[in-house]
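Here the structure comes first, spelled out in structure tokens, and everything after it is commentary.
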Amino acid sequence: METDDVSVREQLFHNRVRETIICVLLFTCLYMVSYLILTHFKKTAEFVTDDIEDATVNKIALWLCTFTLSVAVCAVLLLPISILSNEVLLTFPHSYYMQWLNGSLIHGLWNLVFLFSNLSLVFLMPFAYFFTESEGFAGSKKGVMARVYEAVVLLLLLALLVLGIVWVASALLHDNIARKSLYDLWEYYLPYLYSGISLFGVLLLLLCTPFGLSRMFSVTGSLLVKPRLLEDVEDTLCCTVFEEDSLSRKLNCGSTSCWVKLDMEAMKKDYQAVRSKRVALEMRRKASPWQRNLGYPLAMLMLLALTVMCVLMVCFNVLELLLDETAMPRGMEDPHLGMASFSMFGSLGAAVQVVLILYLMVASVVGFYSSPLFTGLMPRARDTNLTQMIANCVSLLILSSALPVFSRTLGITRFDLLGDFGRYNWLGNFYIVFLYNMLFAGLTSASLIKTVTWAVQRELIRAFGLHRLPLTVSRSTVPFRLLLASGLSKIQ
């Protein structure tokens, strides 16, 4: 009997060590990738200064930002890893090499991501900001430790302020919770704070994702070579080269001509625009016919199919919410991996779910940086200061940590939330979940219809040469019948 107990304890110990090693290896890989990304965008002048103290502070802040970004990437991969792990165990149920992939590992990974994401949002990122902005208390000895003391004091004051706000909010909404003592801080106040942060992240995803889904068409189109109907690329390229040479000569003789100096800035902008147009035309000329005529339409059709699939799945989830209470998002303690597929279409449906989750995350990031409120946060290569980098890491962590709740609320996947992700207070409210699904479906459909109709009309205007008209072409001045008539006359 004692031998059996010892063997069970040894097995549990080895399982815990194995799970720890796997999590450490995964996080180390993500940390290195995140560090390479941040070093690509950081401003080099902040780390090569003559002041050793400032350089040390900036390096520590960069390490904290790298940790936060790696946690954000791991939060994005939570649902894909969980769904794919279940399908792998279904495919190889008795494989010796897949014994390390179990529900305990996935559950532990969810708990670690939840812990590290809240640790980064509440402590590490505020400390990194205060650390970079601090100079030490007046009268104290200057140095890195003086900055640490000041940052810690400011962080404690911020924590007291946030806890006071949470206590007031809980007193207004739930008076019985506010009556609890401060000894119940971990059980009542912190989950309430985490629930508010998750609700803010999910609302931010609701605003950014539909806008990002519409922007994905233009962003993808700028990266690919667009086909042009009824256009001579060589003729357009020659005209663009002549125009660029003309502007270049005017800029070169600007030092001897007074009237050119007055319009020097305007000519520089025109020169840059013409130069970028010439580069795009050269790319189109060098592109193969397959890439020029097939790559762009296939990419647009793929984006359209993914977006329509997301809308249809959300509409289906709305119907399920009205008919079946099990469609509500909820948490679970044991994932029961390898028992059944989380999609009615099997492995193919699970792969589609993973693609849609990653697609929604990319669309939300595109929509976030394309919105007027957050355009200034767009990182620039080799020219992003530490304050801007901290703001970007916090924003990405908020979006990514809300992605599992966002995907489950919309019905993109049936994988229930694990650990503390499923303990948010607002997840059990039917009206919030139902209204959230309706808003997402409506906003995404409206953005998609507007984007497709305007894009089709713009391409037809450019294809038939109507963009060269002296008047401003708009929806009212160029009806669709005129586009068809012009196209038929050119074809004839």
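The values are calculated or read from the model by the stated rules, or taken from the named source; none is laboratory data. Computed from a predicted model, the values in this text were never measured in an experiment. Heads up, the Cβs are rebuilt from the backbone with ideal geometry, glycines too, and the neighbour counts pull from every protein chain shown. Ligands, DNA and RNA are excluded from the accessible area calculation, which covers all protein heavy atoms including side chains. Shrake-Rupley method; radii C 1.70, N 1.55, O 1.52, S 1.80 Å.
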(request) Within segment 344-351, identify whether any single residue is under 27 Å from residue 104 (Cα atoms), open to solvent by 10 Å² or more (accessible area, probe 1.4 Å) and of a type in the set (Phe, Trp, Tyr), and answer yes or no. (result) yes
(message) Which residue is surrounded by the fewest Cβ atoms within 10 Å (Cβ to Cβ), if the candidates are limited to segment 400-435 and must be more than 20 Å from the chain's Cα centre (by Cα) and of a type in the set (Lys, Arg)?
(response) 423
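I'd like to check which helices (runs of 4 or more DSSP H) are fully inside segment 1-110 and have at least 2 residues that are among the basic types (Lys, Arg) and assigned by the TED database to the domain that holds residue 420. Show your work before the answer.
Working: elements: 2-41, 52-76, 78-91.
Filter on segment 1-110 gives 2-41.
Could you list all residues from segment 300-340 that are closer than 13 Å to residue 415 by Cα, of a type outside the set (D, E, K, R) and more than 27 Å from the chain's Cα centre (by Cα)? Spell out how you get there, then give the answer.
Kept after step one, since they are closer than 13 Å to residue 415 by Cα, are these residues of segment 300-340: 326-340.
If we keep only those that are of a type outside the set (D, E, K, R) as well, we get 326-329, 331-332, 335-340.
Within segment 300-340, 326, 336, 337, 338, 339, 340 meet the criteria.
Mind listing whichever residues of segment 50-67 are over 27 Å from the mean Cα position of the chain (by Cα) and either open to solvent by less than 60 Å² (accessible area, probe 1.4 Å) or of a type in the set (A, V, I, L, M) (or both)? Don't jump to the end; show me each part of the working.
The initial filter retains those residues of segment 50-67 that are over 27 Å from the mean Cα position of the chain (by Cα), namely 50-57.
Across segment 50-67, the qualifying residues are 52, 53, 54, 55, 56, 57.
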(request) Pull up segment 22-38, narrow it to residues that are open to solvent by 70 Å² or more (accessible area, probe 1.4 Å) and of a type in the set (A, V, I, L, M), then point me to the one that is nearest to the chain's Cα centre (by Cα). (result) 37
(message) Quick test of your reading of the structure: residue 363 fulfils all but one of (1) within 18 Å of the chain's Cα centre (by Cα); (2) over 27 Å from residue 115 (Cβ atoms); (3) in a loop (DSSP other than H, G, I, E, B). Name the failing condition by number.
(response) (3)
